[in-house]
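Accompanying notes for the structure given below.
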Amino acid sequence: MKIAFKMKLKPGFKAEYKARHDAIWPELAALLKENGISDYSIFLDEETDTLFAVQQQNGNSSQDLGSVEIVQKWWAYMADIMETNPNQSPISIPLEQVFHLD
């Protein structure tokens, strides 16, 4: 199943966000893959600083892995440049698919 959600980047942090994701921790990438998450992309709307994420799931969503220590460390690492919940997880809003074309 493919899902999408949006998050909010703090203004002026596009380059830093990209740099951190270009150097994603190998153990975090492995955890996502081990939990059936693939074909994961994040897009940025620069006018609104809104991040749009799309991922293929065969199991958990990346948003369901919050109890795993490496995920909590990643959230803490990203908290200074994103809008977050009190537990430092990114504020994430599910998006409804309204069209698809193969």
Sorted by chain and number, the residues with a modelled amide H under 5 Å from that of Lys10, at a separation of 5 or more or across chains, are Met82, Glu83
Straight-line reach check, Lys14, cutoff 20 Å on alpha carbons, 8 or more apart in-chain or any other chain, hits among lysines -> Lys6
Which of the aspartates and glutamates could be linked to Lys8 by a straight reach, that is with a Cα gap under 15 Å, when you skip same-chain ones fewer than 8 residues away? Glu16, Asp45, Glu46, Glu47, Asp49, Asp80, Glu83
Lys2 versus Glu69, label points 7 Å from Cα toward the beta carbon: distance in nm? 3.6
Among 44-51, 60-67, how do they line up by average Cβ neighbours within 10 Å per residue, starting with the highest? 60-67, 44-51
Amide H partners (placed H, <5 Å) of Tyr40, local residues excluded: Gln56
Going Cα to Cα from Lys33, which lysines come in below 17 Å? Please leave out same-chain ones fewer than 8 positions away. Lys2
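Laboratory data are not the source of any read-out in this text; all were calculated from the coordinates shown. Just so it is clear, the structure is predicted and the values come from calculations on it, not from any experiment. Note that we place each Cβ from the backbone using ideal geometry, even for glycine, and neighbour counts take in every protein chain shown.
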